[in-house]
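To keep things clear, I will list the structure first and then write my remarks on it.
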Amino acid sequence: MAERLTLARQIEEDTAKRRLQRLGAAACEPAWVSLWAAALGLPNGTPGAWLLCTKEMRRALLLVGTELPTQVEEPSSALNIDNGLPPTPEALNRLWLWERIGTPRHWRIQVLDSTPTPIWLPCWLGYARGRQHRLLVISGLSGEPMPMLKPIVLKGLQQAYRNGPESETKSSGASERREKAV
Amino acid sequence: MEGFTLFDTVVLIGYISLIAWIGSRFSKDQHNPEDYFLGGRKIPGWAIGLSVMATQASAITFIGAPGWGFEGGLERLVTFINVPLAMIVLILVLVPIFHRAGIYSIYELLERRFGPATRTLTALLFLIARGLATGVVLYAPALVLAVVTGWSVNLTIIIMAVLAISYTVMGGISAVIWTDVVQMFVLWLGALLSIFFLVTSLPGGWGDVFDFGAASGMFNAIDLSFDPSVTYSLWAGLLGGFFLHVAYFGTDQSQIQRVLSSPSVLDAQRSLLIGGYLLIPQMLLFLFIGVILATYYQQHGLTPPEDLNELLPRYVVSAFPSGMAGLVIAGVFAAAMSSLDSALNSLSAVTVRDFYSRYIKPNASDAHYLKASRMATIFWGLYATLFAFFAGNLGPVIEAVNQIGSWFYGALLGTFLLAIFSHRSNARGAMAGLITGMFSVWAVSALLDISWLYNNTVGVAVSMSVGYLVSLTAPAPSQDQLSDVMMAEAAPDMQAVLAARADNAQVIGQEARLTRRRCIGLFAWFCLMLGMLALLQGWANG
């Protein structure tokens, strides 16, 4: 299996705090979610975007860029949520097919390499207090809210809670949901 | 009366060619696949919102609303007065759930909640309803072409159908957001110029318009009658129109598709906000043109055309300076093409995803599905064309398109609301509710003298109540089936987890939530619009 790449966190703490504050959060913390990335591009061309998904996702995240914005350092000290197995090549191609059917402009773009690369996606978690506690997840790359990652993150948080603080760098959660753009 | 001059024809062809050139240039510039994705992201949110508006309704608004205003003044604005309230429901309830569920077509949510039969039936209802409404959208530019050329409208329907289908099959250019924005401004410019030319042609100018409008009750936008047979009472607009627009914007795949494709929930909200704020003023503008046209026709002793949809196109062609008429008519064409492209595209996508790939060819190649989607586009284009031949008999196109939706969408919305709000409801109840909801709408329309605006309310009420009661006769759904519509963090164990994490996370202080602020803004806008209409009516009635 390929080495897991770590995407560089581009939304710094102050920006993340401001964005989460606007969404109603009263507290925040960084986290990392493990996903699988497949390159998208014109046939025989260079990648222009990346599909990010896990085995059970029915719709993938879309990360635009010719290269994955990686960093050398591995994620540390924050909460790491591992989502297990990669999607099959067939599943990846099918995920992209439905995106193309819905947006004919993307028809020429194909999955370039069906063997996905494992990645750590940076996120910021916000906690809102009202009648109930609420979780908010925003991307550490764009700062956009990603409600579809909530089920994955919630499972990861639950696992970390059960296992105690030492498990925070290796919590597992099955992925059920998908996001449109990162 | 200059008519549609050669110069107008040159401008019309030039404008359409320019739009096509921009589209092809845009495609050629996309050597790097990154451009395909980044193209839309460099564009400000307001432009994306305007392009959504242009795609939704601009051509039929331009053609249909003045006829509506000519006939009934501002009273029909109540049909749209509820739009800000409908947008609040979309922003708070439907969009977050659709976005979180990560679905391509919204009918998938119903499969996960109620099973494949509910998905299939709701997707089928969408195809039938949207296909019919697309016929009306096709009729609009065909009528304009008939007015301009003097050809039979049946011939121009065929010409427009061939153009629209070819355009969509070739990929369309609706992705070029700036051309949609330009079209929107061209149409608004056309509306403002129409007002200018009309008012300056009246001896008393604005005074004549206000005197005529007040004397003939055209500014009576608010009818407080509780009689359900009064089509455009305030209550019909608030109660019926509200469900009409929640259903239209929330359960019609062709409308919600762009929202689902938005990069984030906040972007999706932004495009809904633009519609929430601009739809009422836009409708007011075009209805007001109808009032001014009525004044103009009365003062000049003219006989209105039999089909009131022809009113504004005829005026533009006859009164606008040479070249300007060509530009405005071209704007109508381009806007109609954008709407048709979007509608045919969503019809084709739902056909392939919800039917063809599930029941006919589950594991075909990508190329096969592309071919199937093109065939589906042609099929729905022909279906819409057949209906377009009858659209001229349905009155103002803007009312026709909403009436068609009202036959189907109430029950559809009821099924979605049942899925979201009743965690006891199940597949049996959903199907029973959907079918009885549809029949109840038809029964009420046929048997009772009741405003068509209430159709959606009836559909929602019957499908939800029957759906809930029938659900009690079968086992409750599993937790897995409820996962899309339940807040996962609401479970007591998750609350404990979140409380513990929040206590250990960095405190950032609380600010008013963006979504809440946006919804309060929409509600304030609704109150302001209603207040202004009440003031106008008060003034008109002394």
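By the count of neighbouring beta-carbon atoms within 10 Å, fewest first, B:Trp539, B:Trp452, B:Trp68 end up ordered B:Trp539, B:Trp452, B:Trp68.
Here's how it looks for A:Arg59: its modeled amide H is under 5 Å from those of A:Arg178, which are all 5 or more places away or on a different chain. Under 5 Å from the amide H of A:Leu121 lie the amide H atoms of A:Val33, A:Ser34, A:Leu35, each residue being 5 or more positions distant or on a separate chain, with H modelled from the backbone and absent for Pro and chain starts. Counting neighbouring Cβ atoms within 10 Å and putting the fewest first, the residues B:Ser463, B:Ser483 line up as B:Ser483, B:Ser463.
So if the hydrodynamic radius of region A:5-172 is defined as the Kirkwood radius over C-alpha pairs, what does Stokes-Einstein give as its diffusion coefficient at 37 °C and 0.692 mPa s, in µm² per second? Mind dumping the intermediate values first?
Numbers: Rh = 16.7 Å.
The calculation lands on 197 µm²/s.
Rounded to the nearest Å, what's the spacing between the alpha carbon centres of region A:66-128 and region B:270-284? Just the number, please. Between the Cα centres of region A:66-128 and region B:270-284 lies a distance of 35 Å.
Projecting the Cα positions of B:Gly3, B:Gly290, B:Met375 onto the charge dipole of the protein assembly as shown (unit charges on Cβ atoms of Lys, Arg, Asp and Glu, taken about the Cα centre) puts B:Met375 furthest along the positive direction. The alpha-carbon atoms of chain B define a convex hull whose volume equals 172 cubic angstrom per residue.
How would region B:397-529 be classified by its alpha-carbon gyration tensor: rounded, prolate or oblate, with rounded meaning a/c under 1.5 and the a/b versus b/c comparison settling the rest?
Numbers: a/c = 4.07, a/b = 1.45, b/c = 2.80.
Oblate, because a/c is 1.5 or more while a/b does not exceed b/c.
Taking the Cα centre of chain B as origin and charging only Cβ (+1 Lys, Arg; -1 Asp, Glu), how large is the dipole, in debye to the nearest 20? Intermediate results must be reported in sequence, preceding the final value.
Numbers: 25 positive and 30 negative charges, 268 e Å.
Charge dipole, chain B, about its Cα centre: 1280 debye, nearest 20.
Summing Lys and Arg as +1 and Asp and Glu as -1 over all other residues whose Cβ lies under 12 Å from the Cβ of B:Leu272 gives a net charge of +2.
Across peptide B:479-486, the average count of Cβ atoms from other chains found within 10 Å of a residue's Cβ is 1.
Helix-only mean residue ellipticity at 222 nm, chain A, DSSP H runs n ≥ 4 weighted -39,500 (n - 2.57), per residue, nearest 500. What is it?
On the way: 3 runs with 38 residues, N = 182.
Using -39500 (n - 2.57) per qualifying helix, the result is -6500 deg cm²/dmol.
When the dipole is taken about the Cα centre of region B:75-193, and only Lys, Arg (+1) and Asp, Glu (-1) are charged at their Cβ, what size is it in debye, to the nearest 20?
Numbers: 6 positive and 4 negative charges, 62 e Å.
For this selection, approximately 300 debye.
Pairs of lysine residues in the protein assembly as shown that meet both criteria, 8 or more places apart or on different chains and Cα atoms under 29 Å apart, total 24. Extension gain, B:Leu386 to B:Cys527, is 46.6 nm, computed as 0.36 nm per intervening residue step minus the present C-alpha separation.
Helix check for chain B. Which DSSP H runs span at least 20 Å along their own axis by Cα, with a mean Kyte-Doolittle hydropathy no less than 0.0? Write down the numbers at each step before the final one.
On the way: long enough: B:6-28 (32 Å, 1.18); B:45-72 (36 Å, 0.79); B:116-149 (49 Å, 1.57); B:153-169 (23 Å, 2.16); B:177-200 (35 Å, 1.90); B:265-299 (51 Å, 1.19); B:324-350 (39 Å, 1.47); B:366-391 (37 Å, 0.72); B:397-421 (34 Å, 1.42); B:427-447 (29 Å, 1.30); B:455-471 (23 Å, 0.96); B:514-540 (39 Å, 1.12).
Membrane-span-like by this criterion, though nothing is claimed about a membrane: B:6-28, B:45-72, B:116-149, B:153-169, B:177-200, B:265-299, B:324-350, B:366-391, B:397-421, B:427-447, B:455-471, B:514-540.
Tell me the relative contact order for chain A as a rounded percent, counting alpha carbon contacts under 8 Å between residues six or more apart. Don't skip to the end; give the middle numbers.
Details: 406 pairs, mean separation 59.8, N = 182.
For chain A, the relative contact order is 33 percent.
Ranked by the mean number of other Cβ atoms within 10 Å of their residues, highest first, the peptides B:236-249, B:197-210, B:86-99 fall in the order B:236-249, B:86-99, B:197-210.
Label-to-label distance, B:Ser229 versus B:Phe196, with points set 7 angstrom from Cα along the beta-carbon direction: 4.7 nm. Other protein chain C-beta atoms within 10 Å of residue C-beta, averaged over B:364-373: 3. Spacing of the modelled spin labels on B:Phe185 and B:Leu472, each 7 Å from Cα toward Cβ, amounts to 5.9 nm.
Note on B:Asp449 and B:Leu514: their simple-model spin labels are 5.2 nm apart, each label 7 Å out from Cα toward Cβ.
Just add up the charged neighbours of B:Leu293: K/R +1, D/E -1, any other residue whose Cβ is under 12 Å from the Cβ of B:Leu293. Please report the intermediate quantities before stating the final value.
Details: positive: B:Arg314; negative: B:Glu71, B:Glu310.
Around B:Leu293, the surrounding residues sum to -1.
Is the C-alpha gyration tensor of the protein assembly as shown telling us rounded, prolate or oblate? Criteria: a/c under 1.5 is rounded; beyond that, a/b larger than b/c is prolate, otherwise oblate. Verdict is prolate for the protein assembly as shown. Ordering B:Leu77, B:Leu472, B:Leu124 by the projection of their Cα atoms onto the charge dipole of chain B, which places +1 on the Cβ of Lys and Arg and -1 on the Cβ of Asp and Glu, puts B:Leu472 at the extreme positive end.
Net charge of the neighbourhood of A:Val72, taken over other residues with C-beta under 15 Å away and scored Lys/Arg +1, Asp/Glu -1, is -2.
When a/c is below 1.5 the answer is rounded, else prolate if a/b is larger than b/c, else oblate, so apply that to region B:279-419 with a ≥ b ≥ c taken from the square roots of the Cα gyration tensor eigenvalues. If you can, show how the numbers build up before the last one.
On the way: a/c = 2.91, a/b = 1.96, b/c = 1.48.
Note, shape of region B:279-419 comes out prolate.
Each DSSP beta bridge with both residues in region A:5-172 is either parallel or antiparallel, and the antiparallel ones are about 80%.
For A:Thr46, nonlocal amide neighbours, meaning residues 5 or more places apart or on other chains whose placed amide H falls under 5 Å from its own, do not occur.
Since every read-out is calculated from the coordinates, none of them should be taken as a lab result. Worth saying up front: this structure is predicted, and the values here are computed from it rather than measured. Cβ coordinates were reconstructed from backbone atoms using ideal geometry, including for glycine residues, and neighbour counts include every protein chain displayed.
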